[in-house]
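Written below as structure tokens is the structure these notes are about.
Any read-out appearing in this document is the output of simple, stated calculations on the displayed coordinates, not a laboratory observation. Small disclaimer: the values here were computed from a predicted structure and weren't measured. Glycine gets a Cβ as well: all are built from the backbone with ideal geometry, and neighbour counts include every protein chain shown.
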């Protein structure tokens, strides 16, 4: 009994040591931490999926722009999105983005319908599997968005290597465009001039126009007697040959009547386009000879690859944040006095004052305009017959009226005809570099704002229309576009390593001396 008591006391003393107490404290603290983690997981698990998923992707594919938030904040009608797909088999990037999009507005309603369990849904919605049907009951309009338009597959990789890879994620652009289409009845028609060796708009640009519900058609001025009445904007992209005299007259009359024209100049020297240049000079823009080189604002030491200075405002500044636009092999312009005092010409893009207009024989330093807008308010008089009670039948007595009565009738007739004056604003937008929307630039440097500036310039021609074009997020490697690459390279290659070495030497020397 005595031995048992001693063993019990000895065993109890083991738990009274400092080591045992510390161990017990550690175990208890560990149990508390685990309990807290379990409770937090249970609480977080009850949060909406849009809040649980954090965008840590390098390309920020789940990031929602102000364009979308502004559009959804202004929604007054409900928009239904029916996803015809098996949710568990859908790419996580699409399901995650849809959950985040759904949380942006109470007017957005997303419903998943499994076409395997409900095959009649495909017939009901007249759509295929892996498609989002976007509809608005208030307007009665419906459109569809395919998963392949959101996650753009790399067809080259698929056909040649048999692997499924994706190049772009366009969730925001496709869904926002669809919402804008079903809730908005505004459609604009853009005619692109052909017949002068013009450039071809890239699929990137045409897709952005589709997102804005712009109808793009071609127009050969030589084959037309006039510019169509439904033309909201006449676009000329990088012409290589000049306008004829008849085309020049037609274009001038169109502007004089309040038309909207947008011209992007190509590599062709302005001296080779005298008729087109005459229109520009009439509206206060004179082409400069040569190509523009800008040592102060160039890309990686290439003076002909320049980042122009932007001075945009209003609709032109919508969504422009970094003001980084890259132009290559661009011509320049000088603003001059227009042909009429009623024309107002304003530049919105220019080189620095250290730029040069370079030809084979000369280099002229100065600041050159690379983009400008000319506006003119014109009046059109329209005669309107206000006599709604005129009679076509005349009695015999009316035919026998005296000359005095005839004079009175003439006076009455003149009073029944009134003249209405309508004021409209013509607008000529000129960008001296077609490379602004060159696909090699826009698709390689997706973080630049080339297409944003271009679409803003297009949209600025239309009253009451917002540019809702959103570029896809690239899933490929992005390249650096540092403006002053020489200084930056010196800092990274030599400056930072030198600072680390010097700091290490100072610490070592102090410790050695101590």
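Numbers for the structure displayed
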| quantity | calculated |
| --- | --- |
| Among the candidates 255, 233, 219, residue that is touching a strand residue (DSSP E or B) at 6+ places or on another chain (Cβ under 6 Å), without any contact (Cβ under 8 Å) to a residue 40 or more places away in the chain and crowded, with 17+ Cβ neighbours inside 10 Å | 219 |
| Enumerated strands (runs of 3 or more DSSP E) restricted to region 108-214, each holding at least 3 residues that are touching a residue at least 24 places away in the same chain (Cβ under 8 Å) and in contact with a helix residue (DSSP H, G or I) (Cβ under 6 Å, 6 or more places away or on another chain) | 108-113, 131-136, 141-146 |
| Number of the exception - residue 303 against (1) in contact (Cβ under 8 Å) with a residue 60 or more places away in the chain; (2) within 20 Å of residue 367 (Cα to Cα); (3) outside any helix (DSSP H, G or I) | (1) |
| Some residue of region 275-297 being in contact with a strand residue (DSSP E or B) (Cβ under 8 Å, 6 or more places away or on another chain), crowded, with 21+ Cβ neighbours inside 10 Å and at positive phi | yes |
| Among (1) touching a residue at least 40 places away in the same chain (Cβ under 8 Å); (2) under 30 Å from residue 178 (Cα atoms), the one test that residue 285 misses | (2) |
| Filter pass, residue 227 being under 28 Å from the mean Cα position of the chain (by Cα) and either surrounded by fewer than 18 Cβ atoms within 10 Å (Cβ to Cβ) or in contact (Cβ under 8 Å) with a residue 40 or more places away in the chain (or both) | no |
| Number of positions in region 316-359 that are buried (at least 20 other Cβ atoms within 10 Å of the Cβ) and outside any loop (DSSP other than H, G, I, E, B) | 11 |
| So residue 250, is it in contact (Cβ under 8 Å) with a residue 12 or more places away in the chain, in contact with a strand residue (DSSP E or B) (Cβ under 7 Å, 6 or more places away or on another chain) and closer than 28 Å to residue 217 by Cα | no |
| Residues that are without any contact (Cβ under 8 Å) to a residue 24 or more places away in the chain and under 29 Å from the mean Cα position of the chain (by Cα), drawn from region 354-371 | 367 |
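Matching residues to (1) surrounded by 13 or more Cβ atoms within 10 Å (Cβ to Cβ); (2) closer than 23 Å to residue 140 by Cα; (3) in contact with a strand residue (DSSP E or B) (Cβ under 7 Å, 6 or more places away or on another chain):
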| site | (1), (2), (3) |
| --- | --- |
| 75 | yes, yes, no |
| 79 | yes, yes, yes |
| 86 | yes, no, no |
| 89 | no, no, no |
| 93 | yes, no, yes |
| 97 | yes, no, no |
| 102 | yes, yes, yes |
| 107 | yes, yes, yes |
